[in-house]
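The block underneath contains the structure these notes are about, expressed in structure tokens.
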Amino acid sequence: MHPDVERILHHECDTPNADERRRIHAELPERVRALADETMLWELMSAYNWDDGFAVPLAVVRHPRCDRALALRMFWELDDAARIHHADEQHALREQYATEAAHSPQEFEHLLAYCTTLVERLRDGSFPLGANSCDTGFFGLDDPALGPHADEGSGASPGPDLGLELTPSARRLRVARTRAARREYEDAFLLPVVGTAETPTAN
């Protein structure tokens, strides 16, 4: 693990003083901003304990080197708060996290800002492509009905070819999952990012 990533993950290990721990915790977003690239951000989020709050994930999705693959992985795999927000962007988080909103307003603001930033940046395509890859489990097939700009049954392009070795049943499942997901999510949340070099391992 890169030492700069480890300093963020283990920031409280050798700090018995409560005031010092609070000071270091407040510095964590700045430590995240200092990380050099998207592979270090991937390493950080692969080992991050989400019980430590949303200040670090918020700093990650605001980082200029956070790439689309990592953003998709955070949306689909690492935590469900952003998907809750996507389902109802006005009320869902305040209902789901009512205790945090009432008793930890600063932490709730971090949560809300994280979900809003992640959803909006995925929707508007402002996360860059980088070294990371993420197979969302959608698209990537030669069924023309699954084209990224197609209504079902049209003849549009099917999106990226993932080069997957799929059994017929697994293939049918991927087709069905994509069609079902498109009823709830825009294609920007579904299209995988594949074929990039030096892809980190998802732990």
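The values are calculated or read from the model by the stated rules, or taken from the named source; none is laboratory data. As the structure is a prediction and not an experimental result, all values here were calculated from the model. Heads up, the Cβs are rebuilt from the backbone with ideal geometry, glycines too, and the neighbour counts pull from every protein chain shown. The protein model used for the area step is the full one, side chains on, heavy atoms only, and it has no ligands, DNA or RNA in it. Shrake-Rupley method; radii C 1.70, N 1.55, O 1.52, S 1.80 Å.
Within the range 175-185, identify whether any single residue is under 15 Å from the mean Cα position of the chain (by Cα), at pLDDT 90 or above, surrounded by 11 or more Cβ atoms within 10 Å (Cβ to Cβ) and under 24 Å from Ser126 (Cβ atoms), and answer yes or no. Break it down into steps so the answer makes sense when it comes.
Initially, the range 175-185 is screened for residues under 15 Å from the mean Cα position of the chain (by Cα), giving 185.
After this cut, where a residue has to be at pLDDT 90 or above as well, the list is 185.
If we keep only those that are surrounded by 11 or more Cβ atoms within 10 Å (Cβ to Cβ) too, we end up with 185.
Filter again for under 24 Å from Ser126 (Cβ atoms), leaving 185.
For the range 175-185, residues under 15 Å from the mean Cα position of the chain (by Cα), at pLDDT 90 or above, surrounded by 11 or more Cβ atoms within 10 Å (Cβ to Cβ) and under 24 Å from Ser126 (Cβ atoms): present.
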Positions within the range 63-82 being part of a loop (DSSP other than H, G, I, E, B) and either in contact with a Ser or Thr (Cβ under 6 Å, 6 or more places away or on another chain) or farther than 15 Å from Asn132 by Cα (or both), in sequence order:
Asp79, Asp80
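Starting from residues that are over 19 Å from the mean Cα position of the chain (by Cα) and not acidic (Asp, Glu), keep the ones in the range 81-95 and report whichever is surrounded by the fewest Cβ atoms within 10 Å (Cβ to Cβ). First the steps, then the outcome.
First, pick out the residues of the range 81-95 that are over 19 Å from the mean Cα position of the chain (by Cα): 90-91, 94-95.
If we keep only those that are not acidic (Asp, Glu) as well, we get 90-91, 94.
On the way: Gln90: 7, His91: 10, Arg94: 14.
Looking at the filtered set, the residue picked out is Gln90.
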What single numbered condition from (1) open to solvent by less than 40 Å² (accessible area, probe 1.4 Å); (2) over 21 Å from Leu112 (Cα atoms); (3) over 13 Å from the mean Cα position of the chain (by Cα) fails to hold for Trp42?
(3)
Please verify whether Arg68 is buried (at least 22 other Cβ atoms within 10 Å of the Cβ), among the basic types (Lys, Arg) and either farther than 25 Å from Thr136 by Cα or in contact with a Phe, Trp or Tyr (Cβ under 7 Å, 6 or more places away or on another chain) (or both), treating the condition exactly as stated.
yes
Identify, please: which residue in the range 22-39 is among the hydrophobic types (A, V, I, L, M, F, W, C) and open to solvent by 40 Å² or more (accessible area, probe 1.4 Å) and is, among those, farthest from Pro105 (Cα to Cα)?
Ala36
For the range 83-99, state whether one or more residues are in a helix (DSSP H, G or I), closer than 25 Å to Val194 by Cβ and without any contact (Cβ under 8 Å) to a residue 40 or more places away in the chain.
yes
Within the range 111-134, count every residue that is open to solvent by 50 Å² or more (accessible area, probe 1.4 Å) and assigned to a helix (DSSP H, G or I).
3
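Taking the range 52-65 only, how many residues are within 12 Å of Met40 (Cβ to Cβ) and open to solvent by 10 Å² or more (accessible area, probe 1.4 Å)?
Step one: of the range 52-65, the residues within 12 Å of Met40 (Cβ to Cβ) are 60, 63, 65.
Filter once more, keeping what is open to solvent by 10 Å² or more (accessible area, probe 1.4 Å): 65.
Looking only at that region, the number is 1.
Considering each of Ala82, Ala71, Ala102 in turn, give the residue that is of a type in the set (Gly, Ala, Ser) and more than 21 Å from Leu191 (Cβ to Cβ).
On the way: Ala82 fails: more than 21 Å from Leu191 (Cβ to Cβ); Ala71 fails: more than 21 Å from Leu191 (Cβ to Cβ).
Going through Ala82, Ala71, Ala102 in turn, just one is of a type in the set (Gly, Ala, Ser) and more than 21 Å from Leu191 (Cβ to Cβ): Ala102.
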